[in-house]
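Remarks on the structure that follows.
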Amino acid sequence: MSSKGIITIERHIIEAERQFPEATGAFSNILYDIAFAAKMIGKEVRRAGLADVLGYTGEVNVQGEEVRKLDEYAHEVLFKALDHTGHLCGMASEEVEDFIPIPDRFPTGNYSVVFDPLDGSSNIDANVSVGTIFSVQRKVSDHPRGCVDDCLQPGYKQVAAGYVVYGSSTMLVYTTGNGVHGFTLEPSIGEFLLSHPHMCIPEKGQRIYSVNEGNYSRWSAGQRRMVDWMKGATPDNPRPFSSRYIGSLVADFHRNLLYGGLFMYPADVKNPNGKLRLLYEAAPLAMIVEHAGGKATDGQRRIMEIEPESLHQRTPLFIGTSEYVDLAARFLAEETVEEPALAGV
Ligand code: P6P
């Protein structure tokens, strides 16, 4: 127990809100509602092994992927937790092709939320950790009830971002720009308790790289040289990195946030913009990693500065320890790369 005692996510949000006298509480309520939805989703993810939950609905989502019941369920839970509150002017979801307006029967508000309701869901049958990723933005359009422009904002305009990882425990990690804080669900009381205050990615953390090397043949020369160097396949790296890749973005990101490392989903000849989505995957995790002392780029540009043009826009992603993100930029620029002396690593 910390010196302050047990701090629930509700208490943490309220104490953060008190720092802004003009706060109306709307923003805090959005975070509560997302935390509530995370509990509901986590409960079903825990039961995913039961035959009645697994299996395909036979439908296909906007990504062209067969939709598993849990994807739909997670989307519905988040939508219904947020649609009636009067705090939002709209939503966007990986599971829905277009902008999601607030139903006419409900009032609207001054924020929008974009989310990936259950990222990594193709791993569910294998009982691999999956996650929810979310991003909160302020209403910017003149549309009276909100429109797609309220979701199509660059990452630096996010007012909050976070993720939930459904793993050996269920953790919710979020930032509102004032540090990154992690909460672990205590299932016996159904509360998220502050377990990781002020999370910082280790500056000289573990030399971990996370990438799907099955795509090696499709990468650029610079990308291949970088991974060859990282794994010690070239004589100029006396201290090879360790490879860790789960294939579930939230799980891979969460591990690297705690231990240090570099997660990469680069562009390749088949996916010239990479595979991951800017709005509800890369940008929220970029806000988290930057406020934890790390970096996130598309290989050259800061993720948080990329102006989105469409809801499901893809982007290459290099995210994690700043030094390794910078190293990737040099390799990709095909410069002669001299690794800085990573003293003490
Ligand atoms: P690949 C899961 O489908 C996902 O969207 C991310 O969670 C994960 O990082 C990535 O795709 C894995 O993709 O091509 O390596 O299987």
Per the filter on region 284-335, residues surrounded by fewer than 16 Cβ atoms within 10 Å (Cβ to Cβ) and not in a loop (DSSP other than H, G, I, E, B) are E305, D326, R330
Please work out which one of (1) part of a loop (DSSP other than H, G, I, E, B); (2) more than 18 Å from the chain's Cα centre (by Cα); (3) within 12 Å of the ligand (Cβ to nearest atom) is the condition V269 fails and give its number. (3)
Right, N237: in the same structural domain as F318 (by TED's automatic domain parsing) and touching a Phe, Trp or Tyr at 6+ places or on another chain (Cβ under 8 Å) or not? yes
Every residue from region 192-216 that is within 16 Å of the ligand (Cβ to nearest atom) and over 11 Å from G320 (Cα atoms): V211, N212, E213, G214, N215, Y216
Taking the options G120, G90, G109, name whichever one is surrounded by fewer than 24 Cβ atoms within 10 Å (Cβ to Cβ) and either under 19 Å from the mean Cα position of the chain (by Cα) or at positive phi (or both). G120
Quick one: G146 ticks every box in (1) surrounded by fewer than 22 Cβ atoms within 10 Å (Cβ to Cβ); (2) over 28 Å from H196 (Cβ atoms) except a single one, so which number is it? (1)
Working only within region 81-137, note down all residues that are farther than 23 Å from G42 by Cα and within 16 Å of the ligand (Cβ to nearest atom). none
Is it fair to say S210 is farther than 24 Å from L332 by Cβ and small (G, A, S)? no
Say we look at region 217-232 and pick out the residues that are hydrophobic (A, V, I, L, M, F, W, C) and crowded, with 17+ Cβ neighbours inside 10 Å; which of these is farthest from L327 (Cα to Cα)? W219
Looking at L276, L342 in this structure, which one is among the aliphatic types (A, V, I, L, M), modelled with pLDDT of 95 or more and not assigned by TED's automatic domain parsing to the domain that holds F134? L276
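Here's the yes/no breakdown for (1) more than 14 Å from the ligand (Cβ to nearest atom); (2) out of contact with any Cys (no Cβ under 7 Å at 6 or more places or on another chain); (3) under 17 Å from R330 (Cα atoms):
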| site | (1), (2), (3) |
| --- | --- |
| M226 | yes, yes, yes |
| F241 | yes, yes, no |
| I246 | no, yes, no |
| V250 | no, yes, no |
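The values are calculated or read from the model by the stated rules, or taken from the named source; none is laboratory data. Here the structure is a predicted model, which is why all the values come from computation and not from measurement. As a convention, Cβ positions derive from the backbone with ideal geometry for all residues, glycine included, and neighbour counts pool all protein chains shown.
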